[in-house]
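The values are calculated or read from the model by the stated rules, or taken from the named source; none is laboratory data. All values reported here derive from a predicted model rather than from experimental measurement. A quick note on method: Cβ atoms are made from the backbone with ideal geometry, for glycine too, and the neighbour counts reach across all protein chains shown. Side chains included, ligands, DNA and RNA excluded: accessible areas come from the protein's heavy atoms. Shrake-Rupley method; radii C 1.70, N 1.55, O 1.52, S 1.80 Å.
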Amino acid sequence: MKKKNSSIPSFDTIASGLLAGMLILFPTVQSQETHDYALLPREAFTGAGLALILGILWVKKRFASTLAAPLGLLLGFWLWTWVCHSGAQNTAESFGAIARLSITLVGSIVVYNAFIAGAIKTQLITRLATLMALLVSAWILIKVVGLIGTGKLSTHIYELNLGFLHKNFVSSALMLTLPWVVINALEESHKNFKKLSVAVAIMILLCLVFLQTRGVWLGLFAGIGVSLLALVLSKSPHKKMLTRALGVGVGIAATGLLIALTLVGDSVFDATNIDSRFKMWDHGIQMANENPLTGVGGGNWKINYPKYGVGNADRGIIEGTTTLIRPHNDFIWVLSEFGYPGLILFFGFMVWMALVAWRNASFHTEDFIWDYGLLFGWIAYIGYSLGEFPLERPFHQFMLILMTGLILSRSQSVSKKVLPKLPMAGVMMLIFIGGLYVTLERIKGERESKKALTAEQRRNPQKMIQYAHNAESDYFSVDNYCNPVAYFSGMGNLALRQFDLAIVDFERALEANPYHALSLNQIGNAYKLKNNTTQAMVYYDKLLEFNPRNSTALLNKAEIYLATKDIDRAVNYLNRVPPTENQEKQIRVFEGIMVSLRGKPRKPNDPMYNVLIDLTPAMANSNAQQLFRLYAEKKYDFMKKLKK
């Protein structure tokens, strides 16, 4: 008989190593060739890693082929997204949303089956989670100390992201890693590593304080609060020890919070972000009320947001140079894109899992700390979801998958269904492959669209057209800023004065995003250059219907009225533009109007028109810029009075 080769890693070590390795490698997986260097590459990384674990489970005949009842709700939610797909304005974005959820669904089933098969060693995961948290939190705290020393913490805080793109993402990632670090501190057999884990837990809490993410604070205290409540209501013999541990955590967090508020209190209490979130939530609810059954389709919140009015949004949003991508609330996001049935299924899954985690904690098993840690993690995730969008971010998706699998595998009460192994594994692998294919196609599209944007900045119309055509596919039609890729080919053709081709491109762009301000303005410009001002006005008016403060459209209309000698209307549209916006174009229109107003009489009850009339005598001794400054001062004062 041949002896077993002890140098070959065991199956459990391989599966555990893959899962734990994915956790620590997340911050390093990125592509600078995409707009969001982390999102799609890490989504593909998650899907590929979990598909590999599924393959290992199957080859080693350790795939349990079991489906827990709460996963049935997640499966139902996934199926419902396909129902909603048919009604999506932009089906490419819907495919993207479904691909992401496909990885979440199948990944949760795979990890759950791996845990119940005993194929995952949790100690390896907690150790590597602690190591990752140590590296990230140490880097952040070193940077924080430096910024506090120079008094620049509030102005440079967004630089503290370390491979997570945004400080809110790294803050929430640390929050979700915290229970794994605490568990390692309590279960670690190595004395020095145990002490290190305690130190890392404290470092994480300090990072959560100084990164000033209100959604994370909500999640943190919600997780601690619910865990404490579960402990108080339990009859655990370890109640005293756990209560002290949680109390220390609350004390550290509260002390750090007070210090942070002292340093940067103004930015924390700034209500601007909160007000903008209320508007985003309102728009999401309006979408759901118009489409109560199927919503607007996956990934289509960002497409439909402008339809309900941009109001007093940031000027970049009004002008169309930037946009809002998601409503910063996962539950409203799900509601708006998948209707009330989708919300019921997703919310039902999240609540059911929370109840399973609560029930697990009430059983007082020998390794009870896992149950309280997972309860904290799940509730913290839900709390954070109320003000942010973890459903989209790959690291948060991975942590959700891990928690789902572990909570369900530890449950003694949840009902389970064993399904035929080969069909179930085969279907899951097909879903994985489908989700990965769509994600990889979207990575390719995003890379090409970034090249198109670069070509636009370099004023290379031929390259714009080439890269835009390369980017567009059934799975990618708008870039990370919601610009249709056909817009770039339209701009290329417009620069080459190929107006008919440009119009075709802009029409295709508006099929992908009917509320894209730049495309609506530029298709109007293409018609204007063809001397079809009537059709040009149609598109400017379409834009002004939902975005009445867009300065480009207002000035485009003013130019047409000026050319047709309708001076009163030209003045009207010029006066609607804020004096600080689009000044180069505004001065050009202003100069044309001033020439046309020479010798005209003043008008009663039209103060801004009369300002222009009063400035005409000065044209002989002043240039257009000088006169415009005088006009802008008067207009600014007039607009200020109107607001009052």
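Computed from backbone phi with θ = phi - 60° and the Karplus coefficients 6.51, -1.76 and 1.60, the 3J(HN,Hα) list for region 223-231 is x, 5, x, 5, 5, 4, 4, 4, 5 Hz; x is used for glycine and proline.
Rounding to the nearest 20 debye, state how big the charge dipole of region 484-530 is about its Cα centre with +1 on each Lys and Arg Cβ and -1 on each Asp and Glu Cβ.
180
Starting from region 364-434, pick out the GluC sites (Glu not before Pro) whose DSSP state is loop and whose Cβ has at most 14 other Cβ atoms within 10 Å.
Working: sites: E366, E388, E392; in loops: E366, E388, E392.
The qualifying sites are E366.
What you get for the chain, charging only the Cβ of Lys and Arg (+1) and of Asp and Glu (-1), is a dipole of about 1060 debye around the Cα centre.
Only protein atoms count toward the accessible area here, which uses a 1.4 Å probe; on the chain, the carbon and sulfur part of that area reaches 60 percent.
Can you pull out the chymotrypsin sites (Phe, Trp or Tyr not before Pro) in region 308-398 whose DSSP state is coil and whose Cβ has at most 14 other Cβ atoms within 10 Å?
Working: sites: Y308, F331, W333, F338, F346, F347, F349, W352, W358, F363, F368, W370, Y372, F376, W378, Y381, Y384, F395, F398; in loops: F363.
For chymotrypsin sites (Phe, Trp or Tyr not before Pro) across region 308-398 that sit outside H, G, I, E and B with at most 14 neighbouring Cβ atoms in 10 Å, the list reads F363.
Would you mind checking the tilt of helix 499-512 against the longest principal axis of the Cα atoms of the chain, expressed as 0 to 90 degrees and rounded to 10? Around 40 degrees separate the two axes. Relative to the longest principal axis of the Cα atoms of the chain, the long axis of helix 583-596 lies at roughly 20 degrees.
Using the Cα centre as the reference, give the magnitude of the dipole from point charges on the C-beta atoms of region 515-644 (Lys, Arg: +1; Asp, Glu: -1; all else neutral), rounded to the nearest 20 debye. Before the final figure, lay out each step's value.
Values: 21 positive and 12 negative charges, 46 e Å.
The dipole magnitude comes to about 220 debye.
Each label point was placed 7 Å from the Cα along the Cα-to-Cβ direction; for L355 and R315 their separation is 5.2 nm.
Sequence-ordered 3J(HN,Hα) estimates for region 445-453 from the Karplus curve with 6.51, -1.76 and 1.60 and θ = phi - 60° stand at x, 5, 4, 5, 5, 5, 5, 5, 5 Hz, glycine and proline given as x. The helix-based estimate of mean residue ellipticity at 222 nm for the chain, built from -39,500 (n - 2.57) per DSSP H run of four or more residues and divided by its residue count, is -24000 deg cm²/dmol to the nearest 500.
Would you mind getting me the FRET efficiency between K191 and V232? Use the beta-carbon distance for r and R0 = 41 Å, nearest 0.05.
Working: r = 31 Å, r/R0 = 0.77.
It comes out at approximately 0.85.
Placing unit charges on the Cβ atoms of the charged side chains and taking the dipole of the chain about its Cα centre, the candidate lying farthest along the positive direction among W58, L453, H85 is W58.
Hey, can you find the accessible area per residue of region 476-635 for me, probe 1.4 Å, expressed in square angstrom?
Working: 7040 Å² over 160 residues.
Here the residues of region 476-635 average 44 Å² of exposed surface.
Solvent exposure of region 1-134, expressed per residue, is 38 Å² of accessible area, with all protein chains present and a 1.4 angstrom probe.
Put simply, when 57-66, 467-476 are sorted by average Cβ atoms within 10 angstrom per residue, most first, you get 467-476, 57-66.
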